[in-house]
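Only one structure is covered here, and it is reproduced in the block below.
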Amino acid sequence: MLACLIRKFCTRQEMVRVLNVAEKNDAAKNISDLLSRGNYNRKEGRSKFNKIYEFSFELLNQKCSMAMTSVSGHLLGYEFQSSFKYWESVNPVTLFEAPVTKQCQDKFKDIKQTLEQEARRAQWLVIWTDCDREGENIGFEIVEVCLSVSPRLKVYRARFSEITHRSLINACQNLGPIDKRVSDAVDVRSELDLRIGAAFTRFQTLRLKRVFPSVITDGKIISYGSCQFPTLGFVVERFKSIESFIPEAFWKIRVIHEIDESERAEFIWTRNRLFNELACQVIHDHCVDAGTAIVTKIETKPKSKWRPLPLDTVEMEKLGSRKLRLNAKEVMKIAEKLYVQGYISYPRTETNIFPKELDLTPLIQCQTSDSRWGAFASNILNSGPTPRQGKKSDQAHPPIHPTKYANSLQGNEAKLYEFIVRHFLACCSKDAQGLETKVDIKIGDEQFVATGLMITARNYLEVYPYDRWSDKSLPIYTEGQVFTPTRIDLDESATTAPPLLTEADLIGLMEKHGIGTDATHAEHIETIKSRDYVGVQTDGRFVPCPLGIGLVEGYDAMGFAMSKPHLRAELEADLKRICDGTKDPSIVLREQVAKYKEVFIKAVEQVDKIDDAISLYLQQPKVAVQPSAMALPSALPKVQKCPNCQGDLTLKRKRDASGYYVGCNNYPTCKAAIWLPSRVNEVEVDSEKCQTCQGSPYKLKFKFNPGAYRPHLDDTVVVCIGGCDDFITNLLGIKPLRPANSSRPPDRGLPQSPTTVSEADRSFQQTRHSFVRTGSFQSYSGSNRSDQELDADWGDDLDDDILIMAGNIDVAPLSSGNNSATMPTGRTLSTAVAGSNDVLCTCRTQALLLTVRKEGPNKGRQFYKCGNQTTDCRFFLWSDEIGNAQVPSQTGRPPQAQNQAVGVANCHCGIQAKMKVGSLLKPVHLIVTFPITPYISYSQNQIY
DNA sequence: GCAAGGTC
C-alpha cells in the first residue's frame with residue numbers, strides 16, 4: 001500500500017506540466033483529440049471561445065500533463081498612442097514616427113488571462129500555431145505573455161503541416177526553437193502597414209471631405225493600404241487600356257464543307273487575317289474563282305491534355321471562383337474549416353510539388369469507398385500514383401490534399417471538399433489522351449486547315465468534370481482528294497479590347513505581384529468594393545468607380561507609383577531577407593518609413609493633382625479650399641507652450657527609441673526639453689490639463705516598467721510634470737521647464753520696454769548679475785562667457801548649467817565633512833544633515849526614513865517620506881539620491897569648488913529648489929531651500 | 001474613423 005502511494009507520489013512528481021497553445025480553438029481541440037487518442041478532458045478557459053484540453057502525453061521522453069489551449073489569431077496588435085488618434089489635431093505626417101505600442105485588444109484580454117493563468121502552472125510551453133510567417137509571430141506573442149508571468153518556462157515550437165496523427169507525432173519528436181527572424185519580419189510589415197495606411201488614409205479623407213463635401217460625406221473613408229491600392233490599380237489599368245483601345249477592322253476567309261447534316265468541316269485560313277480589305281477581297285475572289293479545294297496533307301498525331309498540377313492556394317481560389325462559383329473569400333473560409341476538422345491539409349500553401357516523403361497511397365486509399373470516385377481511386381492504386389509536379393515550393397506545406405474521407409459534409413463544404421479530392425485524384429492519375437487529325441487544303445494559292453479530335457483515353461477527365469475536352473469529328477478525307485466547298489466566305493471583323501478583369505484574373509495578378517497573402521486576396525478585393533473604388537458588373541467583371549480611378553490618376557500625375565505593385569513587392573522581398581537573416585529588421589523599417597514619408601510630403605504639396613483627377617471623374621466642381629484649410633494640423637501631441645520661445649512642447653520619442661522626452665518643436669533653434677525617466681514603458685499626453693501650473697500643461701499618462709516606482713507609484717499614473725508636484729518630479733528625476741512669465745531668467749524674453757519690467761524682475765536681474773560677476777562658482781569664474789551665452793544654454797542641457805541662486809539660502813552639507821558651503825551670495829548655510837532623520841519635507845515636518853519592503857526592483861531601498869499624516873504633503877526623496885549629491889573627494893577640483901559642495905537643505909518656508917553646478921562640479925546635486933524675498937515671486941521646485 | 005494580418 002505504502003509502496004503504491006510512494007510510486008504514485010513519485011509519478012506525480014515526475015509529471016511535467018506543459019502548456020500547449022494553438023492558433024485557434026478548433027486546432028487546439030483537434031490536436032488534443034489526436035495526441036490523446038480522444039482521451040482528453042475539456043475545461044473552460046476565461047474566454048468562452050477558447051477551451052482548455054487536458055490529457056497525459058509523453059513528450060521528450062517525459063511523462064507530461066498537457067494543457068492545450070489557444071488564441072484567436074494575433075493576440076497583440078500595433079496601435080498609436082491615444083494622443084495620435086485624433087484625426088483633426090494630429091498632422092498625419094507625424095504618424096511615420098509617432099510612438100506605437102503592441103496592445104492586447106479588449107476582446108482578447110480574457111484569452112491573455114487564460115494564458116497567464118496556465119503559464120504559471122507550467123514548466124514547458126509548446127507553440128502549436130500555424131507554421132507560416134504570421135503563425136511564428138503569433139507564437140512570439142504567446143511566448144511574451146507567458147514568459148512575463150513565468151520567466152522560467154522552457155519554450156518549444158511544434159512544426160506541422162496538417163492536423164493528422166502522424167504529422168503531429170512527428171512535430172512532437174522534432175520540437176525546436178521558435179524563429180525570431182520570421183516573427184521580426186511580421187512586426188516590420190505590421191508597423192509599416194499601420195503607419196503608411198493611417199497617414200495616407202487620414203490625409204486623403206480629410207482633404208477630399210473639404211474639397212468634395214457633397215460626395216465625400218461624413219463617415220466616408222478614403223482609405224489607402226499597401227495591398228488594397230495596387231489591387232485597385234490593376235482594375236484601373238485594365239479599364240484604361242480598354243478605354244484607350246482603338247478597334248481595327250480586319251478580314252478573313254473561311255471555308256465551310258458540309259457533306260450532310262452530321263458531317264461538316266470548317267477550314268481556317270492559314271494567313272489568319274488581313275487588315276487590308278482590298279487585298280483580302282482580291283484573294284477571296286481568286287478562291288471563289290478557283291472553285292475547288294484539294295486536300296494536300298492529312299496528319300494524325302497523338303495529343304495529350306495534361307492533368308492538373310497539385311493544388312496550391314491561389315489555384316484553389318481561382319478555380320473556386322471559375323468552376324464552383326464561390327468567391328475567393330468563401331473558398332478560403334470553407335477550406336480553413338475543412339482543415340481544422342482534419343479533412344484537408346493546410347490550405348495556405350504556395351507549393352505545387354508533392355514531397356517525396358509524403359506517401360500518397362494511404363491518402364488515395366481512404367477515398368476508394370466513395371461511390372462517385374472510389375473506383376477511380378482504386379484504379380490509381382492499381383497502377384500507382386503518378387502526381388504531376390509543379391515548380392513552386394514554400395518549403396513549408398505540401399499541396400492541398402484530402403487527409404481523410406468525408407461523406408457527411410453539406411453544401412459548399414461538400415462542394416469544395418469534392419473539388420479538392422477530385423483535383424488530388426486527377427493530379428495523381430494520367431493525362432487524357434487523344435488523336436488529333438489535321439487536314440490541309442489548298443484553294444488556288446491559298447491554304448486552309450481543319451482539325452478534328454478523337455479522345456482515346458479520358459483518364460483524369462473521368463474524375464475531373466471541371467475540365468472539358470471534347471471530340472471534334474471531321475469527315476474522312478484522303479490526300480489528293482478534290483472537293484467543292486459549300487461556302488467560301490469573306491468575313492469582316494475587328495480587333496477587340498481585352499475584357500475587364502474577373503475575380504480570378506485579379507487574384508492571379510495579385511499573386512503574380514506579391515500583393516497580400518493567399519488568405520487575404522479576397523479581402524482586399526472586398527475593401528476596394530466597399531470603398532466605392534470599384535464596382536462589379538453583372539457578369540462578375542470589375543470596373544473602377546470615379547473615386548477609384550481619380551485617386552489612381554492623381555498619384556500617377558504626381559509621378560508616384562502608388563497604385564503600382566512594385567512598392568509592395570519590394571517590401572516583400574525585404575521581408576524575405578529578414579527571414580533569411582540577410583537584412584536587419586530595423587534597417588528595413590527605417591528605409592521603408594523614410595521612403596513613404598518622402599512620398600507623403602510631396603503628395604501633400606501636390607494634392608491639387610488628386611483634387612483635379614477626382615473632380616474630372618466625379619464631374620464635380622472642387623470647393624475652393626484656402627491653403628490654410630489644408631495646412632496640416634499642428635504636429636505631435638502638445639503638452640504646453642514652450643517657456644523659451646512660445647513654440648509647442650510636444651511629447652517625442654528619443655532618436656534611438658530608448659525613451660521619451662518633451663521637447664520644443666522649434667528645435668534646433670530652441671532646445672528646451674524635459675527628459676523623462678528611462679523606467680517609463682509608455683507615455684502619452686492625457687486629455688486633462690493641470691490647473692496649478694502656469695500655461696496649464698497637459699498631464700502625462702505614464703506606464704512604468706512593472707514595479708519601477710512601487711510602493712510610491714502605481715505602474716500607470718496620470719501626473720503633471722510642469723513642476724507643481726514635487727513628489728513626482730523628485731521621484732522621477734524630472735526637471736520641469738519654467739513658465740515664461742515668471743520663472744525663466746528675467747533677461748531672456750524680457751519685455752522690450754523698461755516700463756514693463758516689474759520691480760521683481762529688475763531685482764532678480766540685478767541679483768543674478770551680481771552673482772554671475774562674483775565668479776563664486778569655479779565653473780564660471782574662469783570663463784568669459786557673457787550673460788547672453790549663459791542664456792543661450794538655458795534649457796539646452798540643464799546638467800551643464802549653473803543654476804543660479806538668489807536670496808538667502810541655507811544649505812545643508814552632507815556628512816562628508818564639508819560642513820561649510822559658501823553660496824554665491826557669500827552666505828554660509830546652516831545645516832540639516834541628509835542621511836539622517838533630520839530631513840524636513842515640504843510641509844516642514846520631519847521626514848521619515850523608510851525602507852521599501854515590497855517585492856520589486858526597489859526592495860530594500862531607503863526613502864524619505866512626509867511623516868505628517870494630517871496634511872496632504874507628498875514629499876518624497878530616495879535616500880541614495882541624497883548620496884549622489886556628495887562631491888567626489890578626488891576630482892582634482894579647486895578647493896573653492898569643494899567648499900560649495902552641499903547636500904540637502906531644507907526649508908524655512910516650504911519651498912525646495914534644486915541646484916546643479918556646471919561641469920566642474922558634476923555630479924553635484926543639491927537640494928536647497930531658501931526664504932522668499934518679498935519682492936520676488938517664486939514657485940515650488942523652481943530652479944535658479 | 002485609418003492598414004494588413006491573424007481569427008470568431
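The values are calculated or read from the model by the stated rules, or taken from the named source; none is laboratory data. Quick caveat, the model's predicted, so the values are computed rather than measured. Every residue, glycine as well, gets a Cβ built from its backbone with ideal geometry; the counts of neighbours run over all protein chains shown. Note: areas computed on protein heavy atoms with side chains; ligands, DNA, RNA excluded. Shrake-Rupley method; radii C 1.70, N 1.55, O 1.52, S 1.80 Å.
Taking region A:215-231 as the range and being among the polar types (S, T, N, Q) and either at pLDDT 90 or above or near DNA strand B (Cβ under 9 Å from one of its atoms) (or both) as the test, the residues that pass are A:Ser223, A:Ser226, A:Gln228, A:Thr231. Restricting the search to strands (runs of 3 or more DSSP E) fully inside region A:91-191 and requiring at least 2 residues that are away from DNA strand B (no atom under 12 Å from the Cβ) gives A:124-128, A:154-157. Cβ-Cβ contacts under 9 Å between residues 6 or more apart (or on different chains), taken from a first residue in region A:99-128 that is over 15 Å from A:Cys64 (Cβ atoms) and without any contact (Cβ under 8 Å) to a residue 24 or more places away in the chain to a second residue that is open to solvent by 10 Å² or more (accessible area, probe 1.4 Å) and within 11 Å of DNA strand B (Cβ to nearest atom), are listed as A:Lys107/A:Ser72. Applying a threshold of 6 Å to beta carbon distances and a minimum spacing of six or more residues, or different chains, the list of pairs starting in region A:718-746 at a residue that is aromatic (Phe, Trp, Tyr) and ending at one that is part of a loop (DSSP other than H, G, I, E, B) and modelled with pLDDT of 65 or more is empty. Of all the residues in region A:596-611, those that are surrounded by 15 or more Cβ atoms within 10 Å (Cβ to Cβ) and in a helix (DSSP H, G or I) number 10.
Of the residues making up region A:709-733, those that are at pLDDT 75 or above and of a type in the set (A, V, I, L, M, F, W, C) are A:Val717, A:Val718, A:Val719, A:Cys720, A:Ile721, A:Cys724. Test A:Met15 against the criterion of being in contact with a Ser or Thr (Cβ under 9 Å, 6 or more places away or on another chain), at pLDDT below 95, away from DNA strand B (no atom under 16 Å from the Cβ) and closer than 26 Å to A:Tyr156 by Cα, and give yes or no. Judged against the criteria, A:Met15 is a match. Checking each residue in region A:205-256 for being in contact with a Phe, Trp or Tyr (Cβ under 6 Å, 6 or more places away or on another chain) and part of a helix (DSSP H, G or I) picks out A:Leu232, A:Val235.
Go through region A:288-314 residue by residue and tally those that are part of a helix (DSSP H, G or I) and surrounded by fewer than 21 Cβ atoms within 10 Å (Cβ to Cβ). Before you say what the answer is, go through the steps one by one.
Start the filter on region A:288-314 by keeping residues that are part of a helix (DSSP H, G or I), which leaves A:288-290, A:313-314.
Next, from what is left, pick out any that are surrounded by fewer than 21 Cβ atoms within 10 Å (Cβ to Cβ): A:288-290.
Result for region A:288-314: 3.
Give the residue that is farthest from A:Leu168 (Cα to Cα), with candidates limited to residues of region A:46-67 that are within 16 Å of DNA strand B (Cβ to nearest atom) and of a type in the set (S, T, N, Q). That would be A:Ser47.
What are the pairs, 6+ residues apart or on separate chains, where a residue within region A:54-78 that is among the aromatic types (Phe, Trp, Tyr) has its Cβ under 7 Å from a residue that is within 16 Å of DNA strand B (Cβ to nearest atom) and open to solvent by less than 20 Å² (accessible area, probe 1.4 Å)? Filtered contacts from region A:54-78: A:Phe55/A:Ser32; A:Tyr78/A:Val100. A:Glu350 passes every criterion in (1) away from DNA strand B (no atom under 16 Å from the Cβ); (2) acidic (Asp, Glu); (3) assigned to a loop (DSSP other than H, G, I, E, B) apart from (1).
I need a count of the residues in region A:385-405 that are of a type in the set (A, V, I, L, M, F, W, C) and surrounded by fewer than 21 Cβ atoms within 10 Å (Cβ to Cβ).
The first filter runs over region A:385-405 and keeps only residues of a type in the set (A, V, I, L, M, F, W, C), leaving A:396, A:400.
If we keep only those that are surrounded by fewer than 21 Cβ atoms within 10 Å (Cβ to Cβ) as well, we get A:396.
Number of matching residues: 1.
Mind checking which residues of region A:385-432 are within 15 Å of A:Asp370 (Cα to Cα) and among the acidic types (Asp, Glu)? Scanning region A:385-432 gives a single hit, A:Glu418. In region A:490-545, of all residues being outside any loop (DSSP other than H, G, I, E, B) and polar (S, T, N, Q), the one that is nearest to DNA strand B (Cβ to nearest atom) corresponds to A:Thr527.
Quick one: count up the residues across region A:68-88 that are near DNA strand B (Cβ under 9 Å from one of its atoms) and within 22 Å of A:Phe200 (Cβ to Cβ). Result for region A:68-88: 9. Taken over region A:192-204, the criterion of being among the hydrophobic types (A, V, I, L, M, F, W, C) and either more than 7 Å from DNA strand B (Cβ to nearest atom) or open to solvent by less than 30 Å² (accessible area, probe 1.4 Å) (or both) is satisfied by A:Leu192, A:Ile196, A:Ala198, A:Ala199, A:Phe200, A:Phe203. One residue stands out in region A:374-395 among those that are part of a loop (DSSP other than H, G, I, E, B) and out of contact with any helix residue (DSSP H, G or I) (no Cβ under 7 Å at 6 or more places or on another chain): the one that is nearest to A:Ala406 (Cα to Cα), namely A:Gly384.
When A:Phe234, A:Phe212 are checked against the criterion of being modelled with pLDDT under 95, among the aromatic types (Phe, Trp, Tyr) and surrounded by 15 or more Cβ atoms within 10 Å (Cβ to Cβ), a single residue qualifies: A:Phe212. A:Thr527 satisfies every condition listed in (1) open to solvent by less than 30 Å² (accessible area, probe 1.4 Å); (2) at negative phi except (1).
I'd like the full set of residues that are hydrophobic (A, V, I, L, M, F, W, C), open to solvent by 70 Å² or more (accessible area, probe 1.4 Å) and not in a strand (DSSP E or B), limited to region A:442-478. Even if it seems obvious, please write down each step before you answer.
So in region A:442-478, the residues hydrophobic (A, V, I, L, M, F, W, C) come out as A:443, A:448-450, A:453-455, A:457, A:461, A:463, A:469, A:474, A:476.
Of the ones still in play, those that are also open to solvent by 70 Å² or more (accessible area, probe 1.4 Å) are A:454, A:476.
Selection gives A:Ile476 alone.
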